[in-house]
Every structure is written in C-alpha cells, then in structure tokens.
C-alpha cells in the first residue's frame, strides 16, 4: 500500500502489516445506521466508519485496496481520517479510520485501540469495559445487544471512578 505511506508516515504501519484491511462482519438491520455507535471487534484490523462528520485530518485514500468482509466482498475505501472519543479522564484516539461509505456499522478495532491508547478491553456476557492499562481506570463501558458489543455515545460520558458503598456503622450498648 505505497499510497498510504506517501500520505502520512503513520500510514506506513498498514503497509508493514502486509495485510489488506479486513473485517468479519454480519450485516443486518439490527440497529440504525444513523446511530453514533461503535462496534468493538477483535477481528477488525482497522477502524472503519460509514460517515465523515466526526473525522478530522481527512485525506483521500489513493490506494486501490478495498475493505474485505467475511464473505469476501470488497468495499471501496474513499478517505482516511482520525477521530477522538472523550471522557472526563482522558481522550481516546482512533487513528487511521477508514471511511467506507457502503459499510453499515462503525467498527472499532480492539487491537488498534489497545495499541494507540494503552488500554485493555474486558468482555463479559452482557457488558464490556475499556480500562486504562497502567492505572486500571474505567474509561468506557458498553452493552451486548443481540450478540454485538456496542460502544454508544452515552458510554463516552462521565463514568464514576469509585463505587460508593454505604458506610454502615453499628454501635453496641454494653
């Protein structure tokens, strides 16, 4: 992918992996494509979005690669950009986001998120968490709906850092 490298040295990492952007995606109409949800996926090697409104540093994609989905179909990559998700604790950066107009969902690469933000994901049956790797601070949480983990806009709002527990004191008369 020599065109990515010429746009920005940061894109050289795509070329160094020697892989075309790919995802394993089950397409369907489970959720509206107008939502602001991101879908974390361990099989995605790049972040992917269908819209442009939240991308910054937008550059045209000059390569001839396509985003390949699980069934082998290739989707046209039109642009590359970056975006950020904010929490009161810190900013979560999504670098090298591929704009693919015909994809149906925003896909969040778990591996790229971990590498770019020094975080880790915890996946549980009905919920997942994204935590800071060094101090184990909870940054985001999301739900599992119909078998898909969803990071929604509400997940990027304030998340309490301490769990309050009622302080119970007992006194005994002797």
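All of the numbers you see were taken from the coordinates with simple rules; none came from a lab. Predicted model, so just to flag it, every value in this text is computed and none were measured. Positions of Cβ are generated from backbone atoms using ideal geometry, with glycine treated the same way; all protein chains shown enter the neighbour counts.
Cβ crowding within 10 Å, taken as a proxy for footprinting-reagent exposure, orders 113, 43, 152, 95 from fewest neighbours to most as 43, 152, 95, 113.
What full-extension length gain, to one decimal in nm, is calculated for residue 36 and residue 86 as 0.36 nm per residue of separation minus the Cα-Cα distance? 16.6 nm is the gain from fully extending residue 36 to residue 86. Under the simplified labelling scheme, the residue 50-residue 73 pair shows an inter-label distance of 1.2 nm, with each label point 7 Å from Cα along Cα→Cβ. Modelled spin-label separation between residue 114 and residue 136, with each label point placed 7 Å from Cα along the Cα-to-Cβ direction: 1.8 nm. Volume of the convex hull of region 60-146 (Cα atoms only), normalised per residue: 119 Å³.
Placing dummy labels 7 Å off each Cα toward the beta-carbon, the span from residue 58 to residue 43 is 3.0 nm.
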